[in-house]
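The values are calculated or read from the model by the stated rules, or taken from the named source; none is laboratory data. Being a predicted model, the structure only gives us computed values, none of them experimental. Cβ atoms come from the backbone with ideal geometry, glycine included; neighbour counts cover every protein chain shown.
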């Protein structure tokens, strides 16, 4: 066993990992990477098929990101944001606001006969990761609602939040409270505050979908009357005005840890309309979906063509809070941001002795290295070469995924942009799932690793989320290895 593997087994506790199983095998120890390829200490090469847990955008060892971090490192790595400002963080905040508001139009809602009142995002609060980005949004929404919603004291006593069934928004206590995956959250429920849930639009397993299984993405052949949206309306209508929801929290277009559950076209826009019609704020968790991951590299609106970077923009929805992390630095450094409106910002302004300050912060807020990497990543994303490559990758991924439909243990193949989830079942005709204890997804991913492709399952769903630099040949290899591994594990 390699000495580094021994050190890992002796001292490291890995996340979301049953360590008894881990200690029975020699782990893969990554030593280097370039583009979509990772190398381990034994000299073996692997394709990074999930972008190192959904973070890496442009590939490993990207020269522009390396250079940006190097330039910044020669100046300063970090200084406090408590009472001080710095150049890269200031520039990054301005760039994020510009990108988020690219399609902002205060009249867009009325022009499209929509109840959505688009909100211009104008302020950025930096933090460390996806969980903290959600924590910031939760605290701001909570206190903003208390300060502005009417009671005799001018405060709503205890604002509540609504999120989707199967939601996962992070592992800090506030973000965890929004989650509704028992496997992750039930054992910690005593620490969490109560939030409500409403059904997610999971077309493949929706009780209202009357369509028989077909060999296609379930969203394309569903037979329903949008009962999932009726459930959202009912949930909001059931709350009394004084106890109305402070905010509706959603991952736009696709729920990640729920099992890569995609929303049918139009769901997000209508759900946002419902929330807004009941006076609720909208929190968009784009930790996974942000920075071009949901595709649509070019989008035309108001006679302009620009790269589309955020999932909400696909349906012209502008949230009150936009939470970003993961790919923000191109996958190089931990950094997150929560964007919000001037109206929310103004609610925290006052005289010092009023103590209306937002009393929340992080030691590495707005750190210079992370901000420099993020600025370089945004520049790449906006470039014509990256836009073309993302469009090509999205198309190549779709073409290769179509080859999986002849496998009897593939029940659903769902793709949103550069994200794919392949749901494994006992028989596609019945949709019968594997029990989690059977570890169907784990076994397939282990077989893929043996064949040189690394990814991690979500239960019975295999995730493919390649870096944007991935070539057509590498996509073909990723999907081909997945196909081989499924056949090998479910032979007979």
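Computed values, structure above
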item	result
Test result for residue 482, surrounded by 22 or more Cβ atoms within 10 Å (Cβ to Cβ) and in contact (Cβ under 8 Å) with a residue 60 or more places away in the chain	yes
Sole exception among (1) modelled with pLDDT of 95 or more; (2) out of contact with any helix residue (DSSP H, G or I) (no Cβ under 7 Å at 6 or more places or on another chain) for residue 281, by number	(2)
Boolean, residue 366 is on the phi < 0 side of the Ramachandran plot and modelled with pLDDT of 95 or more	no
Boolean, residue 95 is assigned to a helix (DSSP H, G or I), touching a helix residue (DSSP H, G or I) at 6+ places or on another chain (Cβ under 7 Å), over 30 Å from residue 5 (Cα atoms) and not assigned by TED's automatic domain parsing to the domain that holds residue 123	no
Residue 420 being buried (at least 19 other Cβ atoms within 10 Å of the Cβ) and under 19 Å from residue 219 (Cα atoms)	yes
Candidate set: the range 38-56, residues that are touching a helix residue (DSSP H, G or I) at 6+ places or on another chain (Cβ under 6 Å) and closer than 18 Å to residue 473 by Cα; chosen: the one surrounded by the most Cβ atoms within 10 Å (Cβ to Cβ)	49
Residue 389 vs. criteria in contact (Cβ under 8 Å) with a residue 24 or more places away in the chain and within 30 Å of residue 479 (Cβ to Cβ)	yes
Residue in the range 215-228 that is over 21 Å from residue 421 (Cβ atoms), at pLDDT below 95, touching a helix residue (DSSP H, G or I) at 6+ places or on another chain (Cβ under 8 Å) and surrounded by fewer than 19 Cβ atoms within 10 Å (Cβ to Cβ) present	no
Every residue from the range 258-290 that is buried (at least 23 other Cβ atoms within 10 Å of the Cβ) and in a loop (DSSP other than H, G, I, E, B)	259, 260, 263, 280, 286, 287, 288, 289, 290
Long-range neighbours under 8 Å by Cβ, at least six apart or interchain, first residue over 15 Å from residue 161 (Cα atoms) within the range 265-287, second modelled with pLDDT of 95 or more and in a strand (DSSP E or B)	268/250; 286/322; 286/323; 286/324; 287/323; 287/324; 287/336
Residue match in the range 57-70 (condition: crowded, with 16+ Cβ neighbours inside 10 Å and touching a strand residue (DSSP E or B) at 6+ places or on another chain (Cβ under 7 Å))	yes
Residues of the range 461-478 satisfying the condition of being in a helix (DSSP H, G or I) and either in contact with a strand residue (DSSP E or B) (Cβ under 8 Å, 6 or more places away or on another chain) or in contact (Cβ under 8 Å) with a residue 60 or more places away in the chain (or both)	472, 474, 475, 476, 477, 478
Scope the range 465-479; condition buried (at least 24 other Cβ atoms within 10 Å of the Cβ) and closer than 15 Å to residue 59 by Cα; matching residues	465, 466, 467, 468, 470, 475
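Residues checked against (1) assigned to a loop (DSSP other than H, G, I, E, B); (2) modelled with pLDDT under 95:
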{"site": "137", "(1), (2)": "no, no"}
{"site": "153", "(1), (2)": "yes, yes"}
{"site": "191", "(1), (2)": "yes, yes"}
{"site": "197", "(1), (2)": "no, no"}
{"site": "201", "(1), (2)": "yes, no"}
